[in-house]
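The next block holds one structure in the form of structure tokens; read it before the comments.
The values are calculated or read from the model by the stated rules, or taken from the named source; none is laboratory data. Everything quoted here is computed from the prediction, not taken from an experiment. Backbone-built Cβ (ideal geometry, glycine too); neighbour counts: all protein chains shown.
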Amino acid sequence: MFIPALEQARKITDEYGTPVFVTDARTIRKKADTLLDAFSAFNVKIFYAVKANYNPHIVKIIKESGIYGIDAVSPNEVRLALDLGYQKDRIIFTPSNPTDEEISGIGKLGVLQNLGSLSELRRFGKLFPGESVSIRICPEVGAGETAKVTTGQSESKFGVSMADLDAVEKIRDEYNLRIAGVHSHIGSGFYDPEVFKKSVEAVCSVAEKFPDLDFLDFGGGFGVEYRPEKDEINLKDFAEAIKKPMADFEKKNGKSVEIRIEPGKFLVSQSTVLLAKVTTIKKKNGIKFAGLDSGFYHLIRPAMYDAYHHIVNLSNPDGEKEFTQIVGNVCETCDIFNKGIEIAEPREGDILAILTAGGYGSSMSSNYNLRGTAPEVLINGDKIFLTKKRQAYNQIMDCFTDYK
Ligand SMILES: Cc1ncc(COP(=O)(O)O)c(C=O)c1O
């Protein structure tokens, strides 16, 4: 995982201030290589789930690394993919609860839609009879970093229920649709190939019903390590999990189909750190707090998911290790980056690096407390440059109608 050297971090914070996201392009390329290598035995196409990080400079690195397409969940994500030069057949649109306007707009662009309810399929059929569509099924098996990002279980809001597959066939026949793909996504951040294999088996069993298929899509969610001392998952175990169900499917159906996967966090999470400055050191009731000039409006994962993010003190690496709570500058108890970590003594003015902040960091940031989103810097070879400016007060307030 990427950790900048102090000298490099200082150079960046001196120029752009703190807090600032810093991304290392080389780490993204390595992750792309790992993915491409692990699944190379299959006819696989990888679609980057751009929700994880939509910084266009980062998406360009991913594109140049040989990742085939984009998995988009909103019309604007589709628009971004088109703006970045992706052909429409390299984009798949997997919305949650889309409006008629969204289904119609994306359909008119000729981008394939991956729909997860009978209502959406029916509405698509009415608008685009005779066209191709993909279905997102609920494989009735879920896994993820936390319950909040586990999506494949039967009681989740996602996908067409296994019990509704006959109804899918009826809708297909009524509107003369072609089911081009069957998809499932069991959750974000899973580590067990066996659970993934169960979802692959579920997709394969559903796919047998649809002989005109082009592809099977097994979703994203491959976990990354947030603790530097832990080993990464071996993606080859996940590729192995696909092998038998796919071989059985192809044997039974006498044809081979394309496989798709759509990782987000695997590609970007470890490439980025959030650099923040210690503003306040405080001891209270035996607890040491290091307060930063950032908060959950820049990185919400710890507050929202209780996610672990490792933090290192770049400024005082040899300081005595102390158990410290690393907290943000929002008046909310959940505004904690790390509930307690052995960290080289943080002092006021030190720069801390919050690691593994590239996935669902900047893309989930907000304007809460009117502090503006953080700037972003990319290290690409010997170039270090700003890819996103710090958001100014006027840029946020411009959305409000006349108030002065
Ligand atoms: C439909 C879909 N595909 C892919 C992903 C990517 O997941 P991850 O970033 O964990 O790989 C998500 C994210 O939750 C998703 O909703």
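Taking the condition of a type in the set (A, V, I, L, M) and in contact with an Asp or Glu (Cβ under 9 Å, 6 or more places away or on another chain), does Val268 pass?
no
Take Ala276 and decide whether it is modelled with pLDDT of 95 or more, touching a Lys or Arg at 6+ places or on another chain (Cβ under 9 Å), away from the ligand (no atom under 16 Å from the Cβ) and not polar (S, T, N, Q).
No; evaluated as a whole, the condition is false for this residue.
Looking at the stretch 47-96, which of the residues that are among the acidic types (Asp, Glu) and assigned to a helix (DSSP H, G or I) is nearest to the ligand (Cβ to nearest atom)?
Per the criteria, the residue is Glu77.
What pairs can you find where one residue is in the stretch 148-170 and at positive phi, the other is within 11 Å of the ligand (Cβ to nearest atom) and not basic (Lys, Arg), and their Cβ atoms are less than 6 Å apart, with a gap of 6+ or different chains?
The qualifying pairs are Gly159/Gly116.
Does the stretch 352-370 hold any residues that are part of a loop (DSSP other than H, G, I, E, B) and surrounded by 24 or more Cβ atoms within 10 Å (Cβ to Cβ), and which are they?
Thr356, Ala357, Gly358, Gly359, Tyr360, Gly361, listed by residue number.
Please determine, by comparing only the residues of the stretch 221-233 that are touching a residue at least 40 places away in the same chain (Cβ under 8 Å) and in a loop (DSSP other than H, G, I, E, B), which one is farthest from the ligand (Cβ to nearest atom).
Pro228
Rundown of residues vs (1) under 30 Å from Tyr305 (Cα atoms); (2) of a type in the set (A, V, I, L, M, F, W, C); (3) at pLDDT 95 or above, yes/no style:
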position: Lys170; (1), (2), (3): no, no, yes
position: Asp173; (1), (2), (3): no, no, yes
position: Ala180; (1), (2), (3): no, yes, yes
position: Glu201; (1), (2), (3): yes, no, yes
position: Lys209; (1), (2), (3): no, no, no
position: Phe218; (1), (2), (3): yes, yes, yes
position: Gly221; (1), (2), (3): yes, no, yes
position: Glu232; (1), (2), (3): yes, no, no
position: Glu250; (1), (2), (3): no, no, no
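Is it the case that some residue within the stretch 16-36 is touching a residue at least 12 places away in the same chain (Cβ under 8 Å), surrounded by fewer than 20 Cβ atoms within 10 Å (Cβ to Cβ) and farther than 30 Å from Ala276 by Cβ?
yes
Scan the stretch 101-129 for residues that are more than 16 Å from the ligand (Cβ to nearest atom), farther than 16 Å from Glu169 by Cβ and either at pLDDT below 95 or not in a helix (DSSP H, G or I) (or both) and report the count.
Of the residues in the stretch 101-129, 2 are more than 16 Å from the ligand (Cβ to nearest atom), farther than 16 Å from Glu169 by Cβ and either at pLDDT below 95 or not in a helix (DSSP H, G or I) (or both).
Consider Met364 carefully, then state whether it is over 30 Å from Glu320 (Cβ atoms) and within 16 Å of the ligand (Cβ to nearest atom).
It is true that Met364 is over 30 Å from Glu320 (Cβ atoms) and within 16 Å of the ligand (Cβ to nearest atom).
When Lys170 is evaluated against the numbered criteria (1) within 15 Å of the chain's Cα centre (by Cα); (2) assigned to a helix (DSSP H, G or I), which criterion, by number, is the only one it fails?
Against the list (1) within 15 Å of the chain's Cα centre (by Cα); (2) assigned to a helix (DSSP H, G or I), Lys170 comes up short only on (1).
Quick one: count up the residues across the stretch 240-271 that are part of a helix (DSSP H, G or I), surrounded by fewer than 21 Cβ atoms within 10 Å (Cβ to Cβ) and of a type in the set (Gly, Ala, Ser).
1
Among (1) of a type outside the set (D, E, K, R); (2) within 13 Å of the ligand (Cβ to nearest atom); (3) outside any loop (DSSP other than H, G, I, E, B), which single condition is Val200 missing?
Failing condition for Val200: (2).
Looking at the stretch 207-220, I want the residues that are within 20 Å of Ile186 (Cβ to Cβ) and have a partner that is of a type in the set (Asp, Glu) with Cβ atoms under 6 Å, at least 6 apart or on another chain. Which pairs are those?
Taking only residues 6 or more apart or on different chains, the pairs are Phe215/Glu258; Gly219/Glu262; Gly220/Glu262.
Among Gly223, Gly181, which is of a type in the set (Gly, Ala, Ser) and farther than 26 Å from Gln113 by Cβ?
From the options Gly223, Gly181, the qualifying one is Gly223.
Take Ala38 and decide whether it is in contact with a Ser or Thr (Cβ under 8 Å, 6 or more places away or on another chain), farther than 20 Å from Ser134 by Cα and modelled with pLDDT of 95 or more.
Answer is no for this residue.
State which residue pairs qualify: first residue among the acidic types (Asp, Glu) and inside the stretch 347-368, second residue in a loop (DSSP other than H, G, I, E, B) in any location, beta carbons under 8 Å apart, and separation of 6 or more residues or different chains.
These pairs meet every condition: Asp350/Leu314; Asp350/Ser315; Asp350/Asn316.
I'm trying to understand the selection: among the residues of the stretch 134-153, which are more than 11 Å from the ligand (Cβ to nearest atom), buried (at least 22 other Cβ atoms within 10 Å of the Cβ) and within 11 Å of Ser188 (Cβ to Cβ)?
Within the stretch 134-153, just Gly142 meets the criteria.
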